[in-house]
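Engineer: Take this structure first; my questions come after.
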Amino acid sequence: MNPITTILLKCADYTKPVLKKIIPQRMLRDTKQRLLEKSYDALAQKGKKTFDRAKKPDGINIIGLVRAQMGLGQSCRLLANALEHSSLSYSLYDFALKNAMMNVDDHTFDGKLSDELKYNINLIHINPDEMLLMYTRLDPACWDYSYNIAFWLWELEEIPDSWKKYFPMLDEIWTPSEFISQSLRKITNLPVKTMPYWVTAKIDHKYDRAFFKLPKDMFLFLTMYDSNSTMERKNPMGAVKAFKKAFQPQDPVGLVVKVNNARTEDMEILRKALEDYPHVFYITETLEKTQVNSLISVCNVFVSLHRAEGFGLVMAEAMLNGRPVIATNWSSNTEFMNKDVACMVDYTFTTLQQDCPPYKKGARWADPDVDQAAKYMQKLYSDESYYNQLCNKARTYISGKLGKDQAVTKIEQRVKEIYDGRK
């Protein structure tokens, strides 16, 4: 980064509390964005030196939100766990973001953290909208002679045009699903490889229903989302509507709504919709990953009537813990679940009539059939044999589909191809 730009950005960070009082927030944000873009454009124009395996030791530097208690952080840790069980050397660079709402208390891989990108492959596991910050925060020499791979997730079929500016600094892109990979291949000639996760979902029985203040014997449906992932896409209201169609307020059935980074306006919408139902339980505090997995395991059914998914990790974790999943039959989750092992909900496509950041007007996503979802809820509640069969099928199927061997083998094979010079 240009030294002057570096000084300006650091000064802006230190004086931000004061600047916010005298300069509009939008103006500050736009100014910082222009500085980052200018710095990155200079870096991209200069280009990086071509990959030379001999310049650095073999291995992978994962750059990501290693400690973040959110989906992107968990995705990063799943990659690290696969590498931990592989024959490859690796280290982790924690790309911490200054976000007051982000919990960064996961210390699973603290022993692997390093500020040095010492290996010859960089695996960049951050959202594209943070790429500018990454390229300007780290030494430009990090990219020279290295093989630079972006690990990206996206939920819709059309990839944002803004991603294209980063292609010149990359050698390859990895994604966890063919749904994303196919979309990327339409807009780049870079190699795009699908690397599904090795999904794990550790639980601790001390986190029981009493811990979560849930009724001991009631049949419970669980839905969850993070406000940072947008309420519209995750569509918890779909689960709410299906639950209300399936059951009456007096029925001995409950709905658990887990919300991360809960916004007041979101909670008001949820509470208003469910005000006549006494058996609704809201959990809004941030939980450790083991606690989240345990919450899933103490509920009876997980419901995701999403409009689009970049992977659908919580669905896979629920299946691994032997919980039936009611899910929209579209986007990335359909690559690890089907009608034999889950309750797949039909849908129609709808087009966004206005921008729904980060998604643009004109994009399409799924509108799940709430009536069908309600029928699945009724059947799982009333038909014990069906319920138990689906529990067993889900656990068995996902254990093989997203198990250790497939994930570790694919990474090892692809790294060998890279070192051998194969596309």
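Engineer: Report, in deg cm²/dmol and to the nearest 500, the calculated mean residue ellipticity at 222 nm for the chain, where each DSSP H run with n ≥ 4 adds -39500 (n - 2.57) and the sum is divided by the residue count.
Structural biologist: Rounded to the nearest 500, the figure is -11500 deg cm²/dmol.
Engineer: I've got another one for you. Residue farthest toward the positive end of the dipole of region 99-216, with Cβ of Lys/Arg at +1 and Asp/Glu at -1: which of TYR135, HIS205, THR194?
Structural biologist: Checking the options against the dipole of region 99-216, the answer is HIS205.
Engineer: Quick one: accessible area per residue over region 102-213, 1.4 Å probe, rounded to a whole number of Å²?
Structural biologist: 43 Å²
Engineer: Still on this model: Can you send over the solvent-accessible area of HIS279, 1.4 Å probe, protein chains only, in Å² to the nearest 10?
Structural biologist: Spelled out: HIS279, probe radius 1.4 Å, area about 50 Å².
Engineer: So, one more: Against the empirical 2.2 N^0.38 Å scaling, what ratio does the C-alpha Rg of region 51-120 come to?
Structural biologist: Ratio of Cα Rg to 2.2 N^0.38 Å: 1.16.
Engineer: How big is region 185-310 in terms of Cα radius of gyration and Dmax, in angstroms?
Structural biologist: Spelled out, the Cα radius of gyration and Dmax of region 185-310 are 16.7, 58 Å.
Engineer: Next up: Under a no-solvent Debye model with one identical scatterer per Cα of region 79-200, what's log10 I(q)/I(0) at q = 0.10, 0.17 Å⁻¹?
Structural biologist: -0.33, -1.02
Engineer: Ordering SER304, SER89 by accessible area with a probe of 1.4 Å, largest first, what comes out?
Structural biologist: Working: SER304 15, SER89 55 Å².
Highest to lowest solvent-accessible surface, that is SER89, SER304.
Engineer: Suppose the chain between GLU384 and LEU113 were pulled fully straight at 0.36 nm per residue; how much longer would it get relative to their current alpha carbon spacing?
Structural biologist: 92.9 nm
Engineer: Could you tell me what percent of the accessible area of the chain is made up of carbon and sulfur, with a 1.4 Å probe and every protein chain present? If you can, show how the numbers build up before the last one.
Structural biologist: Numbers: 9800 of 19950 Å².
The nonpolar share, carbon plus sulfur, comes to 49 percent.
Engineer: Gaussian network model of the chain, Cα springs within a sub-10 Å range: biggest mean-square fluctuation belongs to which of SER382, SER177, SER114?
Structural biologist: Largest GNM mean-square fluctuation: SER382.
Engineer: Just read off the accessible area of PHE211 with the full protein assembly in place, 1.4 Å probe, to the nearest 10 Å².
Structural biologist: We get 90 Å² for PHE211.
Engineer: R0 = 30 Å: FRET efficiency of THR290 with SER87, Cβ-based, nearest 0.05?
Structural biologist: 0.60
Engineer: Shape of region 323-423 from its Cα gyration tensor (a ≥ b ≥ c, root eigenvalues): rounded if a/c is under 1.5, otherwise prolate when a/b > b/c, or oblate?
Structural biologist: Values: a/c = 4.18, a/b = 1.22, b/c = 3.42.
Taking the square roots of the gyration eigenvalues as a ≥ b ≥ c, region 323-423 is oblate.
Engineer: For the pairs LYS49/LYS416; LYS55/LYS186; LYS186/LYS401, note any where the Cα-Cα span goes beyond 28 Å.
Structural biologist: Going by Cα-Cα distance, LYS55/LYS186 fall outside the 28 Å limit.
Engineer: Moving on. Quote the FRET efficiency, to the nearest 0.05, computed for LYS49 versus LYS404 with a Förster distance R0 of 51 Å and r equal to the Cβ-Cβ distance. Mind showing how you got there, number by number?
Structural biologist: Values: r = 36 Å, r/R0 = 0.70.
For R0 = 51 Å, the calculated efficiency reads 0.90.
Engineer: Ignoring everything but the protein chains, give the 1.4 Å probe accessible area of ASP161 in square angstrom, nearest 10.
Structural biologist: Approximately 110 Å² for this residue.
Engineer: Next question. At a Förster distance of 22 Å, what's the computed FRET efficiency of LEU97 paired with LYS416, Cβ-Cβ distance as r, to 0.05?
Structural biologist: Efficiency, rounded to the nearest 0.05: 0.10.
Engineer: A further question on this structure: With a probe of 1.4 Å, find how much accessible area region 356-406 has per residue, and write the answer as a whole number in Å².
Structural biologist: Working: 2910 Å² over 51 residues.
Here the per-residue accessible area is 57 Å².
Engineer: When the distances between all Cα atoms of the chain are binned every 10 Å from zero, what whole-number percent does each bin get?
Structural biologist: 4, 20, 30, 25, 15, 5, 1
Engineer: Over 20 Å between Cα atoms, which of LYS202/LYS258; LYS56/LYS112; LYS46/LYS112 qualify?
Structural biologist: Violating the 20 Å limit, Cα to Cα: LYS46/LYS112.
The values are calculated or read from the model by the stated rules, or taken from the named source; none is laboratory data. Note that this is a predicted model, so its numbers are computed, not measured. All Cβ positions, even for glycine, are placed from backbone atoms using ideal geometry, and neighbour counts span all protein chains on display. Side chains included, ligands, DNA and RNA excluded: accessible areas come from the protein's heavy atoms. Shrake-Rupley method; radii C 1.70, N 1.55, O 1.52, S 1.80 Å.
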